[in-house]
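Have a look at the structure below, then the notes.
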Amino acid sequence: MASKILGEANYNHYEVSSYSKDGFECKHNYTYWINKPFYAFGLGSARYINGTRYSRPKKLKDYTNHVQNLEAGLVDWGQDDDEVDEPEMAMDIVMLSLRTSKGLDLKSFIEDFESEVAVELCKVYEPYMKSGHVLFLDDQRRELRKMSLVL
């Protein structure tokens, strides 16, 4: 019902839980979806810089202590960082891009990772493609029905 009402009001369903008018999509979230680095500030926030994630404390008391230690120069920036390895990064890209109406850009994915990773990914999604739950589209967003056409 919401999709119908929003669609009739010229809102686009551009992400699993997001609608907007053309040109007003959330640029903040877009950074996550395309795996670009980002800074974050505040309670429970997380940054992703140079392939490393870091989350700040989620509880106010812990966060307050963190800020005090930060101001006192007692925080070791690398201590609690979580390095993201290539397989995890690939899964993040797939998962986040599938949240969007554009989906996963397989050409970019192949450029960022090995083509073997893309082939394995396509094999994993082949049953969902056959059932119609996942679509492979060409550059003009026309459906490709054969796996050989995808790669």
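Observations on the structure shown:
- Subset of segment 1-50 [at pLDDT below 90, open to solvent by 90 Å² or more (accessible area, probe 1.4 Å) and among the polar types (S, T, N, Q)]: N50
- The C-beta contact set for segment 131-145 (first residue more than 15 Å from K107 (Cβ to Cβ), second residue part of a strand (DSSP E or B), distance under 9 angstrom, 6+ apart or interchain) comprises L135/E143; L135/L144; E143/F136; E143/L137; R145/F136.
- Residue list for segment 14-50, restricted to those being in a loop (DSSP other than H, G, I, E, B) and small (G, A, S): S17, G23, A40, G42, G44, S45
- When we screen K102, K107 for residues that are in a loop (DSSP other than H, G, I, E, B) and either open to solvent by 100 Å² or more (accessible area, probe 1.4 Å) or at pLDDT 85 or above (or both), the only hit is K102.
- The residues of segment 51-95 that are surrounded by 12 or more Cβ atoms within 10 Å (Cβ to Cβ), assigned to a loop (DSSP other than H, G, I, E, B) and at pLDDT 85 or above, listed by number, are R56, P57.
- Qualifying residue in segment 95-103 (condition: of a type in the set (G, A, S), closer than 30 Å to N10 by Cα and out of contact with any helix residue (DSSP H, G or I) (no Cβ under 8 Å at 6 or more places or on another chain)): yes
- Residue tally, condition in a helix (DSSP H, G or I), surrounded by 11 or more Cβ atoms within 10 Å (Cβ to Cβ) and at pLDDT 75 or above, over segment 127-151: 3
The values are calculated or read from the model by the stated rules, or taken from the named source; none is laboratory data. Since the model is a prediction, treat every value here as computed from it, not as a measurement. Backbone-built Cβ (ideal geometry, glycine too); neighbour counts: all protein chains shown. These area figures cover heavy atoms from the full protein model, side chains too; ligands, DNA and RNA do not enter into them. Shrake-Rupley method; radii C 1.70, N 1.55, O 1.52, S 1.80 Å.
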